[in-house]
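Here the structure comes first, spelled out in structure tokens, and everything after it is commentary.
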Amino acid sequence: MAEIRTFRASSMQEAMRIMRRELGEEAVVVNTRSIVQRRALPFLKPKSEVEVTARVAKVTRSVSAEKMNPVATAPSLTLRVTEAEDSRVLSPSQLAEHLERELLEPNRGAPSDDGIELSPSLERLITAPITKSSGGKPNVAYSDKTNIPVLSQFEPAALNQRLDSIQRMLESLNKARHLGGDSEVPPELFQLYTELLDSDVEEELSRDLIFRVRRHVKPEQLHDHDYCKSLLTGLVESDFRVASPIKPTPGRRRVVALVGPTGVGKTTTIAKLAANFRLRDGIKMGLVTVDTYRVAAVEQLRTYAEIIDLPMKVVTSPLEMRRALDELVGLDLVLIDTGGRSPRDELKIQELKTLLAEAQVDEVHLVLSLMAGISNLKSVCDKFAAANTTAMILTKLDEAAGMGSLLTAARKLPLPVSYLTTGQDVPDDIESANACRMARLVLGHEKLET
């Protein structure tokens with residue numbers, strides 16, 4: 001007989017992790033739903049959870065709590081539940097979930113001695129008398145009338161650990177998106193939903209994509225996994241806005257600048273672009289650097305320029321910028337490497353804007369690391385907009401935990417993507433942005449070539 005279990009957590013990813021830990025990888029999801037609970041204090045935001053119901057074919061009737069949640073210094077503790085004629089183990093995580101639900105139960109009992117109101121069931125759980133099983137171990141049993149487990153005896157260390165876990169769950173903020181009406185993921189699309197989560201796509205974006213798939217298919221098509229997967233790929237691809245790569249025109253000089261905060265890989269990206277344009281395409285080009293704050297960066301770019309055999313100029317002011325470009329006349333492409341600026345330093349951003357205006361740049365590519373959080377990336381985009389950015393280069397894809405952040409950046413940042421960098425090797429680890437390629441990376445259909 002299959003065992004049905006229910007798991008709750010603050011996000012779908014966490015609920016799935018708990019389910020797999022408790023039931024194993026063979027567990028099958030039966031149903032999911034979002035639950036909103038009012039908090040104990042009226043001024044707190046309602047607490048939202050995701051509930052996952054799953055089943056597993058084999059039932060284990062007796063498992064020690066030490067195996068379910070080992071505590072190094074505490075002796076093993078078996079918590080047993082008796083329910084009608086059935087008997088199963090109540091794990092510490094299940095007990096914590098029950099305690100949490102009890103603490104948030106709207107029908108409260110009388111205030112306790114410390115001023116905290118307890119529901120009748122929670123008060124029974126705490127004040128229940130000690131009972132012993134036949135093996136001499138403490139029991140947790142369901143009340144005959146209320147079908148609610150009561151705790152008879154426990155280790156203080158284990159209890160404190162569970163209470164700390166409950167507190168963390170109670171303080172977690174709602175991250176799930178409630179779409180109104182029927183907000184449950186259709187069972188036929190749940191596998192695609194979990195694949196998005198496993199690819200590190202935000203839960204909000206994952207739900208949005210799944211519901212877009214549902215709106216685009218007929219009811220009978222929901223069962224066609226390949227069709228739905230193909231449709232999902234197309235929807236993800238449509239979310240990417242792509243800027244054209246840099247295209248030098250023979251006989252007409254094009255000036256392109258790379259800007260961004262410190263540590264995102266601007267100098268290495270300039271070197272990759274220069275090596276490809278010069279060695280692969282034979283473009284007549286030169287380099288200009290204004291990264292005088294870091295001597296090592298200037299020397300690094302100078303080394304690349306010598307290897308590739310490119311003219312390079314170092315400038316520190318708008319006047320020097322004008323002179324440098326006058327000396328680079330007759331070239332088809334000039335790449336400008338700028339020093340990292342803090343997005344909070346508005347004075348430095350304005351200085352950068354003045355330098356680029358003097359250079360009469362044709363394109364300004366904002367270099368962003370995919371390792372940064374989305375809120376940080378949004379702030380950087382907003383601040384560097386003063387430099388008239390036209391596209392963004394996303395770097396360090398090889399260091400990202402998953403390609404879901406690629407979709408998040410594309411959806412939430414205002415600039416189109418021009419290039420991706422996938423490692424440190426010059427000139428190999430860079431590629432022009434392609435919407436189909438990025439969609440397949442996000443969905444795991446293709447892998448980075450590192």
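For the reader, a short list of remarks on this structure follows.
- Among the residues here, GLY444 does not qualify as more than 15 Å from PRO245 (Cα to Cα), out of contact with any Phe, Trp or Tyr (no Cβ under 7 Å at 6 or more places or on another chain) and surrounded by 16 or more Cβ atoms within 10 Å (Cβ to Cβ).
- Of the criteria (1) modelled with pLDDT under 90; (2) exposed (fewer than 15 other Cβ atoms within 10 Å of the Cβ), which one LEU301 fails: (2)
- Flag for GLN300 being polar (S, T, N, Q) and under 17 Å from LEU258 (Cβ atoms): yes
- Sole exception among (1) hydrophobic (A, V, I, L, M, F, W, C); (2) surrounded by fewer than 17 Cβ atoms within 10 Å (Cβ to Cβ); (3) at pLDDT below 90; (4) under 17 Å from LYS412 (Cβ atoms) for LEU347, by number: (4)
- Qualifying residue in the range 368-388 (condition: under 29 Å from MET285 (Cα atoms) and over 32 Å from the mean Cα position of the chain (by Cα)): no
- Test: residue in the range 255-262 that is hydroxyl-bearing (Ser, Thr, Tyr) and in the same structural domain as HIS365 (by TED's automatic domain parsing): yes
- Condition met for THR303 (touching a residue at least 24 places away in the same chain (Cβ under 8 Å), outside any loop (DSSP other than H, G, I, E, B) and on the phi < 0 side of the Ramachandran plot): no
- On the stretch given as the range 224-268, residues that are assigned to a loop (DSSP other than H, G, I, E, B), within 30 Å of THR354 (Cα to Cα), modelled with pLDDT of 90 or more and more than 26 Å from the chain's Cα centre (by Cα) total 6.
The values are calculated or read from the model by the stated rules, or taken from the named source; none is laboratory data. This one's a predicted model, so the numbers in the text were calculated from it and none came from an experiment. Cβ atoms come from the backbone with ideal geometry, glycine included; neighbour counts cover every protein chain shown.
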